[in-house]
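Peer 1: I am attaching a structure below and will ask some questions about it afterwards.
What follows is calculated from the coordinates using simple rules that are stated; it is not laboratory data. As the structure is a computational prediction, the values presented were derived from the model and not from experiment. Don't worry about glycine lacking a Cβ; one is built from the backbone with ideal geometry, like all the others, and counts go over all protein chains shown.
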Amino acid sequence: MRQQIRPPLLNRVPAWGWISLDAVVALVVALGYAGLTSSRNPAEPGVLDFAAALAAGLPVAVRRLWPGPVFVVVLLGGLGMREFLLPHAELLCLPLVLYTLATRSRAVLPLLVAGAVAAQGVAEVPLTAAVRDRLGLALAILLAAWAAGTAVRQRGLYTGQLAAQAEERARAEAVAERLRIARELHDVIGHSLSTIAVQAGVAGHVGGAEEMSRTLASIEETSRSALRETRQLLGVLREDDAAELAPAPGLADLDALVARTRAAGLEVELSIDGAVDGELGPTVYRIVQEALTNVLKHAGARHALVRIERLPDALTVEVTDDGTRGRARPYGHGLTGLRERVRVFGGEFEAGVRPVRGFRVRARLPL
């Protein structure tokens, strides 16, 4: 059972939860500012003073919905409350709204405006040490709020870029996997069906029961081998972990491949000089398989030579035939798939007609 990946705790809070929290904060701050206004002028608190107190606090409730207008209203409300504030700058709601703006955009202009307004309200002449401390505190609070919002915005952009790159990488891996499966199916089914087709055609012209029996037995073995490899390949597409995959064919399976090809009526000579292990084995097998399939289907040949030679720094695979229709053979998906296989190992691939007659497929795989 796959473990479910849950987002961080704060990301699991719904939007209405944050707005509700902002509403509570806004109400508490607005009431506090209104109480401050009454305590500073208990005889006759002005309507404009109460309006400024409410304007400086209540809009915080919707700062996530309309951060720009809320910033302007809170800034004006703080200006109306200057005579009741020490220092003479609103340093609670204004930094909070500035933080929200910085999480949405660069917010450099709002930072400069808020800093200028705060500095103009706090600075006094003469510029004593206490005044300098209040000015530095006000500017530091505004700058810290802006920096925190900017950091949150940059982190969101970075996370979004990582997610986009991960999605693109997953899409590319899926495409590569589909191409690999299509290439494998082409090699398995193409070779087997071509061999079966040739053998069935021969069987239709054979009169002896013994020859007919050998041909049908070869068709049966080829069909079973194709089904076995196809089942092995499609097993990777199952979602559960119960797929039992047989090992990929390698050099040890070339004898069976050559035997099936000979049963189809093509004389094949196999020459292997040196050992091949690791990931090169299946690639060598597929190269030989596709080359022999093309010989059966297109070449009109009677004889084919398969040579596998291990050099000090590379492994060469060469398949040649004596067919008479080599120049008319198309470069289909099979040879394209072989070229892609060889390219994975950084090797070289060639396929073309021979000078006199026949066709040659050659691959060089570096060790």
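Peer 1: Run the quick spin-label model on Val72 and Leu48: label points 7 Å from Cα toward the beta carbon, then report their separation in nm to one decimal.
Peer 2: Placing both labels 7 Å along Cα→Cβ, they lie 2.0 nm apart.
Peer 1: Please rank Val175, Val117, Val353, fewest neighbouring Cβ atoms within 10 Å first, as an exposure proxy.
Peer 2: Numbers: Val175 10, Val117 20, Val353 15.
Exposure proxy ranking, most exposed first: Val175, Val353, Val117.
Peer 1: Only loop residues by DSSP count here, and only those with at most 15 other Cβ atoms within 10 Å; note down the GluC sites (Glu not before Pro) in segment 79-127 that meet that.
Peer 2: Numbers: sites: Glu83, Glu90, Glu124; in loops: Glu90, Glu124.
Here the GluC sites (Glu not before Pro) that fit, given the DSSP loop and packing criteria, are Glu124.
Peer 1: Another one. State the extension gain, in nm to one decimal, for the chain segment bounded by Arg104 and Arg262, taking 0.36 nm per residue of separation less the distance between their alpha-carbons. Could you put the intermediate results ahead of the total?
Peer 2: Details: separation 158, 0.36 × 158 = 56.88 nm, distance 7.16 nm.
Length gained between Arg104 and Arg262: 49.7 nm.
Peer 1: Stretched out fully, how many nm does the piece from Val356 to Leu157 gain, at 0.36 nm a residue minus the Cα gap?
Peer 2: Working: separation 199, 0.36 × 199 = 71.64 nm, distance 6.34 nm.
Additional length available on full extension: 65.3 nm.
Peer 1: Still on this structure, please answer the following. Place a point 7 Å from Cα of Leu112 in the direction of its Cβ. Which residues in segment 133-156 have their backbone N less than 19 Å from it?
Peer 2: 139-140, 142-147, 150
Peer 1: Set Lys and Arg Cβ to +1 and Asp and Glu Cβ to -1, take the dipole of segment 13-163 about its Cα centre, and tell me which of Leu127, Phe71, Thr100 lies farthest positive.
Peer 2: Value computed over the given set: Thr100.
Peer 1: Label points 7 Å out from Cα along the Cβ direction at Glu83 and Ala172: separation in nm?
Peer 2: Those two pseudo-labels are separated by 6.7 nm.
Peer 1: Right, something else. Would you mind ranking Asp313, Asp255 by Cβ crowding within 10 Å, fewest neighbours first? Write down the numbers at each step before the final one.
Peer 2: Details: Asp313 8, Asp255 11.
Neighbour counts put them in this order, fewest first: Asp313, Asp255.
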